[in-house]
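Take a look at the structure set out below.
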Amino acid sequence: MAGLTRSVGIQVGGDPKHGKDSPGQACLVVHDPSTGPEVIPLTLGERVTLGRAPGNLIVIRDERASRQHAEVFPSEAGWSVRDLGSRNGTYFRGELLESEHPLAAGDVLSIGRVDVVFHPTDPPPGSSGESSLSGTAVGEMPTAVGRWEASITHRQATGRLLEDLRTSAATVPRVGRAAAELCRLSFSLGRADGPEEVGRLAVETAVEEIEGGRGLVLLPTSIDATGGITAEMLSAVATVPSPWPGELPLELATTVMTTDEALMASAISAANQPMTTLAAPIRSGGRPVGVLYLEIDDSSRSTTPDDLEFAMAVCDAVGVATENIAARSELTTKLASAADENAWLKQKLGEESRMVGESRQLASIIEQIQRVATTKATVLVRGESGAGKELVARAIHDASDRVGKPFICLNCAALSETLLESELFGHEKGAFTGATERKAGKFEAADGGTLVLDEIGEMSPAIQAKFLRVLEGHPFERVGGSKRIHVDVRVVAATNRNLEEAVSSGEFRRDLYFRLKVVEIYVPPLRKRRDDIEPLARHFLARFAGETGRRVSDFTPEALDSLRTYDWPGNIREMRNVIERAVVLSHAELIDRSELALSQLPTPGDTGRHPAEPSATYKPESLEEVERRHILATIEAASGNKTKAASILGIERSTLDRKLTRWAKRRAANNDEHHA
């Protein structure tokens, strides 16, 4: 069988027919990327042919190989090689082989992707006598594989059905050979990377199968799926022979593209001999975009309509290939554009997520970020709205080993309880009204990366319970689903609420509070780190000036003074908007105080965790006095309910009563002394 032709020469050390008659027998080592190295012994007096046809001793399975491509034969010099008129030529020592040449040790013949190395003696160890199975010799099987070796009935490295159909002319009908050739062409066109290669494969197949004298393919140099194409826009992307002798058949091509019909006509060649011409349209997107043209010498064979049918089938395959190339080209362009846009967005994101400032508070935050980023600890970021909590979360992600993984943000306050559960954990199709398809939640989307939950204090108690289980490493199910899902997500929670008060009032789970508060980072408001105001203002000025193209370079001294003394109730978010507005509306190179739209809103209260910085009018007082005023204010806020006040303060009711009694006695004693 043809499929076993080459297996005879694979065994190193010979076989009964081609065994090594004496030490130092010459051989060829075939290096085929698809099958691996093989050794072919050379027997004196016998030539070795190389080519695509199965009848060759060395079958080259490469589209660039001809049926009978080259041969190695005995000569006075020992062994020599010559090309057998192949289409693509044989490369010898890296150059095109133009005449027969004697072979020396280590000489390499290259046919397509296949290299053939000549050895005048035994091949060096390891050239092909070693298997890839952990050094097992060829012909041997590892113990684990040997159990089923006896059941093997056939061995074959690659399929050869198409080759057999193409070459077995005596037993296979012409339709079968044509079908096999078209199948082979389709596979080849699927790997083509441009109009020139498509045209070459098409015209070579047509000329070889129809046995035409010569032919060419006319295609536009740039295949486009839109717009009209005329014959004048075409060029010969491939010809047989090359270069094409004479003028291009543009007049016939115009007729074919105008009528969109294949034509077969009688003609007279330049040598005044009768010939037949075939021309068929190549269609793409339902319209003709090119032409396949063939000339057949009538003296060699008679042309039939079947030849025209074959040419049309070749054109159909070429049309599909041109559409695929156009689609790949468009996709490549889009991918390149997307890559550029992605790089630009990453640059912009880097600018937006960069922490700018010179204050000691910011330096402390950066130090905390660097220390916590290398761990897996959950982080709670606290601070007023607009103070930069999300920037801290982004910095933690970028400094961790999750930097290349997803970074997902979700605002818990912006969604209802049902929608928040769906956003966090996902839902199955039909789980609720409007759930028309399955949706993955933020936890799944952030798998391997970081999930930032802003306004965590607004999460409902029901969601808090499910969220706590996920934080503790338990799997979860989508809403309406039963499949248990495991994820590896680092959670960074952010809030501007006083979670201690929420815990005391029962609005926030105590166990979730302690689970989130593994590492806490407090982001002070901008008014408490005034050293950052000027650097931030200049950062936003440069950024928006660059984005808008305005020639604004700095602030006036008065404007800078206003920026420094303003309390920024909206924090960094407010500053960004103020600077952007000033840049957009400014008519001068310097932004003046009048162009800064500073509000008159009061600054929000602190989160209850950090006392205000002392002012110039600060009056020192004892801790006991601070405690007394705080407790009395809490009782007043609780409408005189001492039990509720004690709960808010985190102390027992009896402790509160003792403190109040002690202060009442002290106040009474002071009053007696005053009246005395």
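Values computed for the structure shown
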quantity: Lys659-Asp511 FRET efficiency (beta carbon distance; Förster radius 30 Å; 0.05 resolution); calculated: 0.55
quantity: Sequence-distant aspartates and glutamates (8 or more away, or on other chains) whose Cα lies within less than 18 Å of Lys442; calculated: Glu390, Glu417, Glu421, Glu423, Glu428, Asp454, Glu455, Glu458, Glu472, Glu477, Asp488
quantity: Size of the range 238-363 as Cα extents on the principal axes (Å, biggest first); calculated: 96, 29, 23
quantity: Cα centroid separation, the range 466-503 to the range 540-567 (Å); calculated: 42 Å
quantity: Accessible surface, the range 373-423, averaged per residue in Å² (probe 1.4 Å); calculated: 43 Å²
quantity: Length released on extending from Ala435 to Glu323, taking residue separation times 0.36 nm less the Cα-Cα span; calculated: 36.5 nm
quantity: Directionally averaged shadow of the range 395-521, computed from the convex hull of its alpha-carbon atoms, nm²; calculated: 8.0 nm²
quantity: Sequence ranges 110-119, 303-312, ranked by mean other-Cβ count within 10 angstrom, highest first; calculated: 110-119, 303-312
quantity: Calculated over the range 250-323: convex hull of Cα atoms, volume per residue (Å³); calculated: 87 Å³
quantity: Segment Asn577-Leu263, extension gain: residue separation times 0.36 nm, minus the distance between their alpha carbons; calculated: 106.0 nm
quantity: Unit charges on C-beta of K, R, D, E only; dipole of the range 462-538, Debye; calculated: 180 debye
quantity: Ratio of the Cα radius of gyration of the range 398-444 to 2.2 N^0.38 Å, where N counts its residues; calculated: 1.39
quantity: Surface/4 estimate of mean projected area, convex hull on alpha-carbon atoms of the range 541-593, nm²; calculated: 3.4 nm²
quantity: Across Lys528/Lys665; Lys334/Lys439; Lys376/Lys483; Lys405/Lys439; Lys466/Lys642, pairs whose alpha-carbon gap is larger than 31 Å; calculated: Lys528/Lys665; Lys466/Lys642
quantity: Segments 524-537, 502-515 sorted - mean Cβ within 10 Å per residue, highest first; calculated: 524-537, 502-515
quantity: Compactness index (Cα Rg / 2.2 N^0.38 Å), the range 428-584; calculated: 1.45
quantity: Shape parameters for the range 433-505, alpha-carbon atoms, Rg then Dmax in Å; calculated: 13.8, 41
quantity: Peptides ranked, highest mean first, by Cβ atoms within 10 Å: ranges 329-337, 183-191, 382-390; calculated: 382-390, 183-191, 329-337
quantity: Residues with amide H under 5 Å from that of Asn411, placed H, sequence gap 5 or more; calculated: Asp454
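The values are calculated or read from the model by the stated rules, or taken from the named source; none is laboratory data. Keep in mind that this is a model prediction, so the values were computed, not measured. All Cβ positions, even for glycine, are placed from backbone atoms using ideal geometry, and neighbour counts span all protein chains on display. Surface areas here come from the heavy atoms of the whole protein model, side chains and all, with no ligands, DNA or RNA. Shrake-Rupley method; radii C 1.70, N 1.55, O 1.52, S 1.80 Å.
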